[in-house]
C-alpha cells in the first residue's frame, strides 16, 4: 500500500469506529478480555492524540517530549471526541510530506511510518469494535474481498 492508501484506510476505518452506536459502549470486546467498546474508542483516540502531538513537535523532537495526551471523555461523549482526534490526526499527517522525518518508538522514522502505523491501529480496533457489537447481539462484521482467504485457482497460472 502507498502512504496515500494508508491515510485513506485511517480515514475510512476511523470514521467507522466513530460511528459505533453509543448504546453499545458497554459491550465487551471478545478479542480483548476486560475491554469494552468504550475503552477501545477512548484508547484509539488517545493514541491518535499522542501521534498528532509527536508529529507536530517536529523531526528532532523527543518521542515522549510532549507528555501524555489528555484522555477522551467517558460515556457517549467519547464518540465525538474520538472523531475530533481522528480529524486532527488526519490534518497533521496531511500537513507534512510523507518522507519528512519523525520520531517513532522504533527509532528515527517518517510521517509515512505514522500514516501506516495508525492505519493498522484503527483497522485492528475497528474490527475489535465490530466483534463487540456482534457479541452483544448485533450483526456480524462484514469482511472485504481483500480480507478473504485466497484459494488456489484452476484456471490461472500456478
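Any idea how many residues of region 16-40 are touching a helix residue (DSSP H, G or I) at 6+ places or on another chain (Cβ under 7 Å), more than 14 Å from residue 136 (Cα to Cα) and either without any contact (Cβ under 8 Å) to a residue 24 or more places away in the chain or assigned to a helix (DSSP H, G or I) (or both)?
Within region 16-40, residues that are touching a helix residue (DSSP H, G or I) at 6+ places or on another chain (Cβ under 7 Å), more than 14 Å from residue 136 (Cα to Cα) and either without any contact (Cβ under 8 Å) to a residue 24 or more places away in the chain or assigned to a helix (DSSP H, G or I) (or both) number 4.
Over 18 Å from the mean Cα position of the chain (by Cα) and not in a strand (DSSP E or B): is that true of residue 62 in this structure? Write out each step before concluding.
Numbers: over 18 Å from the mean Cα position of the chain (by Cα): yes; not in a strand (DSSP E or B): yes.
Yes, satisfied.
I'd like to verify a number: residues in region 117-126 that are closer than 13 Å to residue 11 by Cα and buried (at least 21 other Cβ atoms within 10 Å of the Cβ), how many?
4
Residue by residue, here is whether (1) under 23 Å from residue 19 (Cβ atoms); (2) surrounded by fewer than 19 Cβ atoms within 10 Å (Cβ to Cβ); (3) touching a strand residue (DSSP E or B) at 6+ places or on another chain (Cβ under 9 Å) holds:
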position	(1), (2), (3)
55	no, no, yes
69	yes, yes, no
73	yes, yes, no
80	yes, yes, no
92	yes, yes, no
99	no, yes, yes
105	no, yes, no
114	no, no, yes
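Being more than 30 Å from residue 36 (Cβ to Cβ) and in contact with a helix residue (DSSP H, G or I) (Cβ under 7 Å, 6 or more places away or on another chain), is that true of even one residue in region 68-86? Working first, answer last.
Keep residues of region 68-86 that are more than 30 Å from residue 36 (Cβ to Cβ), which gives none.
No; the residues of region 68-86 include none that is more than 30 Å from residue 36 (Cβ to Cβ) and in contact with a helix residue (DSSP H, G or I) (Cβ under 7 Å, 6 or more places away or on another chain).
I'm trying to understand the selection: among the residues of region 127-139, which are in contact with a helix residue (DSSP H, G or I) (Cβ under 8 Å, 6 or more places away or on another chain) and either assigned to a loop (DSSP other than H, G, I, E, B) or surrounded by fewer than 17 Cβ atoms within 10 Å (Cβ to Cβ) (or both)?
136, 138, 139
Does region 94-109 include one or more residues that are modelled with pLDDT of 95 or more and either in a helix (DSSP H, G or I) or within 11 Å of the chain's Cα centre (by Cα) (or both)?
Yes: one or more hits.
The values are calculated or read from the model by the stated rules, or taken from the named source; none is laboratory data. Keep in mind it's a predicted model, so treat the numbers as computed, not measured. All Cβ positions, even for glycine, are placed from backbone atoms using ideal geometry, and neighbour counts span all protein chains on display.
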